Amino acid sequence: MTSVIFDLDGTLADTSGDLLAAANVCFRDMGAGDVLTVADAGAALRGGRSMLTLGLHRIGRFDEALVTKYYPVLLEAYDGAIDHHTVIYPGAMEAVAAIKADGIAVGICTNKPAGLAEKLLQSLGVRDAFASMIGADTLPVRKPDPAPLFEAARQAGGSEHCILIGDSDTDRNTARAAGVPSVLVTFGPSGEDMAALNPEALLNDYADLPALARQLLRGEAAA
């Protein structure tokens, strides 16, 4: 069986609001107030350390030790308010259902810690739609190493013949390392940068994904 594997943050769901709020808990603890804003959504979707690094540079206090100190604080804050602002992108779950109806397995491969990813997917009511869920700490390695992608495909019931839907250079590099096609979404905060990464296809609307997935899994070039 072939499979379509999705990234989570910035691909299936816009999680930036809750991530930024968790980072600002840390900056308030430092006495700096709310350092990050909605304009920093792109950094949010690159993860907690990225947000802390950006914010600390912004206030002129960057120190790797502070990033290390506050990263678990950020994760705790995020765990406590993981779904206050997060929304599934329009049409995403309809596309997932259509792909499954075509007999294609679906799974998730994310660099979010697995426990947080599972909690978020359950809270959003979509966990059961995916046959696998591989997080940053499921294996000893994480994306862009191809092993998590292959494991997500395997656990979904598919072979290594898969495609990866993502929103970043990490996803593009993971697919390249795995020797499989990547599809990068253009509706996230960094959407305008996706074309420069030269994925096999760009996705502007989830309504287009089922046909695109069939096309790529047959080994055809995307239009």
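The values are calculated or read from the model by the stated rules, or taken from the named source; none is laboratory data. Fair warning: this is a prediction, and the values are worked out from it, not measured in the lab. Please note: Cβ atoms are built from the backbone with ideal geometry, for glycine as well, and neighbour counts cover all protein chains shown. Note: areas computed on protein heavy atoms with side chains; ligands, DNA, RNA excluded. Shrake-Rupley method; radii C 1.70, N 1.55, O 1.52, S 1.80 Å.
Would you mind getting the accessible area per residue of the chain, heavy atoms of the protein chains only, 1.4 Å probe, in Å²?
Value for the chain: 43 Å² per residue.
Once every DSSP H run of n ≥ 4 in the chain is given -39500 (n - 2.57) and the sum is divided by its residues, what mean residue ellipticity at 222 nm do you get, rounded to the nearest 500 deg cm²/dmol?
My calculation for the chain gives -12500 deg cm²/dmol from helical runs alone.
Ignoring any ligand, DNA or RNA, what whole percent of the accessible area of the range 15-80 comes from carbon and sulfur when the probe is 1.4 angstrom?
54
log₁₀ I(q)/I(0) of the range 15-80 at q = 0.26, 0.27 Å⁻¹, via Debye over equal Cα point scatterers, no solvent, to two decimals?
Debye output, listed in q order: -1.16, -1.26.
What are the residues whose amide H is under 5 Å from the amide H of F6, where those residues sit 5 or more places off or on another chain and H is modelled from the backbone?
G107, I108, C109, I165
Which value, in debye to the nearest 20, describes the size of the charge dipole of the range 15-80 about its Cα centre when Lys and Arg Cβ atoms bear +1, Asp and Glu Cβ atoms bear -1, and nothing else is charged?
For the range 15-80, the charge dipole is close to 180 debye.
Give me the lysines in straight-line cross-link reach of K69: C-alpha distance below 25 Å, same-chain residues under 8 apart excluded.
K112, K119, K143
Binned at 10 Å from 0, what are the whole-percent values of the Cα-Cα distance distribution for the chain, short to long?
For the chain, the pair-distance distribution reads 8, 35, 35, 16, 5, 0.
Only Lys, Arg, Asp and Glu count, each charged at its Cβ (+1, +1, -1, -1), so figure out the dipole size of the chain about its Cα centre, rounded to 20 debye.
Taking the Cα centre of the chain as origin, the dipole is about 320 debye.
Taking Cα pairs under 8 Å and at least six residues apart, what relative contact order does the chain come out at, in percent?
24
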